[in-house]
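Below: the structure, in C-alpha cells.
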Amino acid sequence: MTIATLSNEKTFLCEPGVTLLDNAKKHGLVLEYSCRSGRCGVCKAFAIGETAIIHHEESVLSPEEIAAGYILTCCRGALSDVHLDIEDLSLFGDIKSKTLPCRVDSVTRLSDDVLEVSLRLPPASPLDYIPGQYVDVIGKNGVRRSYSIANAPRQDGKLMLQIRQVVGGVMSQYWFGEIAINDLLRIEGPLGTFALRNTSVTNLVFLATGTGIAPVKAILEQLKSNPEQVANKKIWIYWGGRRTTDFYWQPELDILPVTFVQVLSRPNDSWDGRIGYIQNAVEDDGILMTDAVVYACGSELMIHSAKEKLIALGLPQKNFYSDAFVSSN
Ligand SMILES: Cc1cc2nc3c(=O)[nH]c(=O)nc-3n(C[C@H](O)[C@H](O)[C@H](O)COP(=O)(O)OP(=O)(O)OC[C@H]3O[C@@H](n4cnc5c(N)ncnc54)[C@H](O)[C@@H]3O)c2cc1C
Ligand code: FES
C-alpha cells in the first residue's frame, strides 16, 4: 500500500487498482468531484509522485496540464506515495452514499422536453444529502444515469428530479416513453460535491443552463429555510435557455435577496428579455467578481467558458464550483 497526503496534511492509504478519489472515500475523506468519469475536470489536482490511470481517460486535461503534473483523482491511482495539492471537504464527511430501492411517485410535464419525476423512498431508509448533490438512477438492465436532486430534504423524504429528454437516449426512452407510477427503480447517492460553501464574499452567483437549474432550486429551498445564512449577501441567478419554453420554473422571490435573470440564446420576436449567453450577461451586469463565488451547473460548454471568462474578470479560481451534465459515454 502507498500513502496519499493532502495539502492540509491529512493522509489516506491507497490500495492498488483503486482511484485516489475512491481510496480517499474508503478512509472517510471526501475530495471534490462530480462526474467520476474524467469528463468534467472538477477533481483535478497537482500530484507529486507516481500515478497511473485506473479507468477512464483524462479527456478534459490538456497536454500542458498533464505535462505539468496535473491528474484527475477519479481516473488515477497511486503507484508510489503521492502528495496532492487539494484538501478534503469536511462538509460532506458524514454523508455516506448508499444504494436504495425507490418507486416513481408522480410524473409532471414541466415543458415539451422536461419532466419532473418524484421518487418515493422506503420510509425506513431516507436519503441524507446536501442540497446541490445528485443521485445515480439505476433503471432496467442496470442502465445508470446521474440526476441532480431538485429539492432540499423534505419531511416526506421524496426526491424530485428534473429530466430533459435526449433524443435517442437510452434512459430518455424510459422516462419519456415507458415510465409508470409505482415503477420500481434503484438510486445510488448522494453523490457529488456541488453545494453551498461557507464564504465571506458578498455575491453568490448561480449559473444554470436547462435542467442545470435543478440543484440551484434545491440550494435556494435550503436558503429559504435559513435566510440568515445569506444576510448581507446578494444572490444572482442566471438561467440560460434556447427557447422561451425552456423556462419552466420561477423562484419565489419573497424572502431572499435574489436577482433572477433569464437569458435566451435563440430568441423569437416576442422575447423582450436578455439575449445571448449567461456568462456574458454576468459580465454586462458588472458584478464584482473579486467579491463573488460562482456555482455553475448544466452544459459543459457554458461551464468552461464561464469559468474562463469570470476568472479573467477577477473571480478567484477557488471560488468557482461546477457540476457539468456530461453524458455517460
Ligand atoms: C453529475 C450529473 C448530473 C446530471 N443531472 C441531470 C439532471 O438533473 N437532469 C438531466 O436532465 N440530466 C442530468 N444529467 C445528464 C444525465 O445523466 C444523462 O446524461 C442524460 O439524461 C442523457 O441520458 P440518456 O440515457 O437519455 O442518453 P444516453 O443514452 O446517455 O445518450 C444518448 C446520446 O446523446 C448524447 N448525450 C447524452 N447527454 C447529452 C447531453 N446532455 N448533451 C448532448 N448530448 C448528450 C450521448 O453522447 C449519446 O450520443 C446529469 C449528468 C451528470 C454527470
Ligand atoms: S473528471 Fe473527475 S470527477 Fe469529473
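Among Gly286, Gly189, Gly17, the largest mean-square fluctuation in a Gaussian network model of the chain, built with springs joining Cα atoms closer than 10 Å, belongs to Gly286.
A Förster distance of 41 Å, applied to the separation of the beta-carbon atoms of Asn182 and Ser7, puts the FRET efficiency at 0.25.
Please list, by residue number, everything in segment 102-142 whose backbone N is under 14 Å from a paramagnetic label point 7 Å out along Cα→Cβ of Arg197. Residues passing the 14 Å test: none. The simple spin-label model puts a point 7 Å past each Cα toward its Cβ; for Asp112 and Asn268 those points are separated by 0.8 nm. When the chain is fully extended, how far beyond the present Cα-Cα distance does Arg243 get from Val261, taking 0.36 nm per residue of separation? Full-extension gain reported as 5.0 nm. Of the residues Asn280, Asn151, Asn141, the one that moves most in a GNM of the chain with alpha-carbon contacts below 10 Å is Asn141.
In the chain, the DSSP beta bridges split such that about 60 percent are antiparallel, to the nearest 5.
Charge dipole (Cα centre; +1 on Lys/Arg Cβ, -1 on Asp/Glu Cβ; no other charges) of segment 2-92 amounts to roughly 300 debye.
Lys and Arg at +1, Asp and Glu at -1: add these up for the other residues within a Cβ distance under 10 Å of Ser97 and post the number.
0
Here the peptides 195-201, 258-264 are ranked by packing, the mean other Cβ count within 10 Å, and the order with the highest first is 258-264, 195-201.
The separation of segment 193-261 from segment 1-73, counted between C-alpha centres, amounts to 30 Å.
Which value results for Rg/Rh of segment 1-153 when Rg is the Cα radius of gyration and Rh the Kirkwood radius based on the inverse mean 1/r? Show your work: numbers first, answer last.
On the way: Rg = 17.9 Å, Rh = 17.3 Å.
Result for segment 1-153 is an Rg/Rh of 1.03.
All of the numbers you see were taken from the coordinates with simple rules; none came from a lab. Quantities reported herein were computed from a predicted structural model and do not represent experimental measurements. Using ideal geometry, Cβ is built from the backbone for each residue, glycine included, and neighbour counts are taken over all protein chains shown.
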